[in-house]
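Peer 1: Here's a structure for you.
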Amino acid sequence: MLRPFSFDPRCALVAVLAPVVGLAAQEAPEADPPAERALSAIRVAVAHPIAGPPIRDAVLLIEEGRLTAVGPADEVTIPADATVLEFPDSHAYPGLVDALSVAFGDPTVLNDKQADAGTPVFEGLDPTDRASRALIDYGITTAYVSNRADSTWRGLGAVLHPRHDGFAQAEGEETIAAGVQVNMAGATDKHPLERDKARRAIGELFATLEAYRKAQERHPRKVEKYEAEFSKYLDYHRDQKSKKGPKGDADKGEAKTGDKIKDADTDPPAAKPPQEEGGENGGGEGNGKAKTKAAPAKKRQTGRDDGAAKADGAKKKDADKAPKRPNFPKPPTPDPAKEALMRVVDGELPLRVEVQRAEEIQAALELAREHSVPRLVLEGTAAAADVEAIAAAGVPFVLTGFLEPQQPPRSAAFERAGRLAGQLEGAGVTVAIGSGSVRGSRHLPLLAAYAAGKGLSADAAVRAITLSDAEVLGVDDQVGSLQAGKRADVLIVSGPLLASDTRILAVLSAGDIAFRATAAGTEDR
């Protein structure tokens, strides 16, 4: 059982934030990646699966970085050739999950005010950051990293696993983009009217998605129509070419037709051309004869004109029925921001909204209702007055703002976050805790203990830094609890996780020992 919180949590926080932290390992120097060690079984006094009740005298079996069994020692058979790691007086928890972190975030990326909804934070992370690489020693095995710029859109957050040599991408391509970040709170120094204008702009962007989607959907149909018309166009001209035969045959055919007309209608070869006869017999008796002889010439000329006219008419008729060559349809201009928001309305990504005021909570909930956003996540340290509205909407809340760099431990935001946790739980809201900073990430259990001291139940407090966070991030099928099939991220501690004198004994990441304390209290990787 957890130790009752009869002390003032604020005083405890000040004490624990000293250089030597009860729960955390000493600041770890930069180190090479830990060597892989064969590990197939762990035996502890108590295992806390989180998804179920605690298990006493528990055994955890691991194979290829995954948990294969978690249960009492008398029910789980340890293979004879297994390498067993025993902690007879310890407690095992799933690796800690930080629901809002800035781990490995380059300052340029974390403060990118030019980001839009589709700007990925993952591509700008810095795996060499020393403080972030030490997070694994504090039991942080999974973290959600987000741009924290003081702007409306903060782009796409990402899920990763801290390591001594940097970080590993969380399993699944979708974790590269694990949420679209939007800041409805706005800059603290902005006038309320400016913040309201920014909130309206968010809704206006969502309103353009239907037209964008329709344009995307129409384009394949336009391409299909183009291909059909172009095929018809080609077939027609192939047919015309086959009728004409080899090049030049059409001209020869016309010449032959003219020859036949000439042979049929002209005088014998000795006869003079009609115009010459007409010239010699311009009057008198010869005039009638000239007219008589000229008649065939007129008929002959008329025959030529009729043939040419028919040929011209046929050509015109062919031209009229010839299909026009179609133009390839221009594809719609891709818009990464709208592409990301379409994934939000389709339920593939959550929309994570920072809120600090009552009107921002209402605006976020209204936005989700109006545009049918299936996965809304609120984050911040908002006023507790809207707890009922949050509960009615059924959305989770990520508490942040505990240990912002500019805030002292006894700040108003710290107090507000602690009280809000219990109020949210009482209303049936899923509560997760996000550090919002590398320093805060090291002290996740302490933050959970503080929230427990302010009204959050002990079980919910532990869940708020493990399984609830994983559920919010959409990776609860991989991490967040000790269950067969999940990633073997295990935190082994000397006592109950939230007790002030508990210390870390070992940390496993995907089955590999990332940290282990020796009897002398020093670390062993």
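The values are calculated or read from the model by the stated rules, or taken from the named source; none is laboratory data. From a predicted model like this one, the values you see are computed outputs, not experimental measurements. Heads up, the Cβs are rebuilt from the backbone with ideal geometry, glycines too, and the neighbour counts pull from every protein chain shown. These area figures cover heavy atoms from the full protein model, side chains too; ligands, DNA and RNA do not enter into them. Shrake-Rupley method; radii C 1.70, N 1.55, O 1.52, S 1.80 Å.
Peer 1: Among the numbered criteria (1) of a type outside the set (A, V, I, L, M); (2) surrounded by fewer than 22 Cβ atoms within 10 Å (Cβ to Cβ); (3) in a strand (DSSP E or B); (4) modelled with pLDDT under 95, which one does THR128 miss?
Peer 2: (3)
Peer 1: May I pose another question? I need the full set of residues from the stretch 70-85 which are part of a strand (DSSP E or B), open to solvent by 20 Å² or more (accessible area, probe 1.4 Å) and modelled with pLDDT of 95 or more, in order please.
Peer 2: Listed by number, the residues that qualify are VAL70, PRO72.
Peer 1: Output yes when any residue across the stretch 150-158 is in a strand (DSSP E or B), among the aromatic types (Phe, Trp, Tyr) and surrounded by fewer than 20 Cβ atoms within 10 Å (Cβ to Cβ), and no when none is.
Peer 2: no
Peer 1: Count, please, the residues in the stretch 86-103 that happen to be under 30 Å from PRO350 (Cβ atoms) and either part of a loop (DSSP other than H, G, I, E, B) or not aromatic (Phe, Trp, Tyr) (or both).
Peer 2: 11
Peer 1: Which of (1) loosely packed, with under 10 Cβ neighbours inside 10 Å; (2) of a type in the set (Val, Ile, Thr); (3) at pLDDT below 65 does THR333 not meet, given it meets every other one?
Peer 2: For THR333, the exception is condition (3).
Peer 1: Looking only at the stretch 212-224, which residues are open to solvent by 50 Å² or more (accessible area, probe 1.4 Å) and in contact (Cβ under 8 Å) with a residue 40 or more places away in the chain?
Peer 2: ARG213, GLN216, LYS222, listed by residue number.
Peer 1: Out of (1) of a type outside the set (Gly, Ala, Ser); (2) modelled with pLDDT of 90 or more; (3) surrounded by fewer than 24 Cβ atoms within 10 Å (Cβ to Cβ), what's the single condition that is false for ILE433?
Peer 2: Every listed condition holds for ILE433 apart from (3).
Peer 1: Filter the stretch 49-65 for residues that are open to solvent by less than 30 Å² (accessible area, probe 1.4 Å) and part of a loop (DSSP other than H, G, I, E, B) and give the result.
Peer 2: PRO49, GLY65
Peer 1: Now for a separate question. Working only within the stretch 131-149, note down all residues that are of a type in the set (Ser, Thr, Tyr) and in a helix (DSSP H, G or I).
Peer 2: The answer is SER132, TYR138.
Peer 1: Could you tell me whether any residue of the stretch 430-442 is more than 27 Å from the chain's Cα centre (by Cα) and of a type in the set (Gly, Ala, Ser)?
Peer 2: Scanning the stretch 430-442 turns up no residue that is more than 27 Å from the chain's Cα centre (by Cα) and of a type in the set (Gly, Ala, Ser).
Peer 1: When you scan the stretch 497-510, do you find a residue that is touching a residue at least 60 places away in the same chain (Cβ under 8 Å), surrounded by fewer than 24 Cβ atoms within 10 Å (Cβ to Cβ), under 21 Å from LEU160 (Cβ atoms) and among the charged types (D, E, K, R), even just one?
Peer 2: No: zero hits.
Peer 1: Right, something else. Looking only at the stretch 226-236, how many residues end up being in contact (Cβ under 8 Å) with a residue 40 or more places away in the chain and either open to solvent by less than 100 Å² (accessible area, probe 1.4 Å) or closer than 14 Å to LYS330 by Cβ (or both)?
Peer 2: Summing the residues that are in contact (Cβ under 8 Å) with a residue 40 or more places away in the chain and either open to solvent by less than 100 Å² (accessible area, probe 1.4 Å) or closer than 14 Å to LYS330 by Cβ (or both) in the stretch 226-236 gives 5.
Peer 1: Same structure again: Take the stretch 480-491 and flag every residue that is in a loop (DSSP other than H, G, I, E, B) and over 24 Å from the mean Cα position of the chain (by Cα).
Peer 2: Passing the criteria: SER481, LEU482, GLN483, ALA484, GLY485, ALA488, ASP489.
Peer 1: A further question follows. Looking at the stretch 343-362 only, could you name the residues that are buried (at least 20 other Cβ atoms within 10 Å of the Cβ), of a type in the set (A, V, I, L, M) and not in a loop (DSSP other than H, G, I, E, B)?
Peer 2: Within the stretch 343-362, VAL344, LEU351, VAL353, ILE361 meet the criteria.
Peer 1: Within the stretch 440-479, can you find the residues that are β-branched (Val, Ile, Thr) and either open to solvent by 40 Å² or more (accessible area, probe 1.4 Å) or in a helix (DSSP H, G or I) (or both)?
Peer 2: Passing the criteria: VAL462, VAL472.
Peer 1: Is there any pair linking a residue in the stretch 81-102 that is under 15 Å from ALA69 (Cα atoms) to one that is acidic (Asp, Glu) and modelled with pLDDT of 95 or more, with Cβ under 8 Å and at least six apart or on different chains, and which?
Peer 2: Short answer, once both residue conditions are applied: PRO94/ASP489.
Peer 1: For GLU204, are the conditions met, namely being farther than 30 Å from LEU491 by Cβ, open to solvent by 20 Å² or more (accessible area, probe 1.4 Å) and either hydroxyl-bearing (Ser, Thr, Tyr) or without any contact (Cβ under 8 Å) to a residue 40 or more places away in the chain (or both)?
Peer 2: yes
Peer 1: Testing THR175 on (1) part of a helix (DSSP H, G or I); (2) farther than 20 Å from VAL472 by Cα; (3) touching a residue at least 60 places away in the same chain (Cβ under 8 Å), one condition comes back false. Which one is that?
Peer 2: (2)
Peer 1: Can you tell me how many residues within the stretch 178-215 are β-branched (Val, Ile, Thr) and either on the phi > 0 side of the Ramachandran plot or assigned to a strand (DSSP E or B) (or both)?
Peer 2: Residues that pass the stated criteria total 2.
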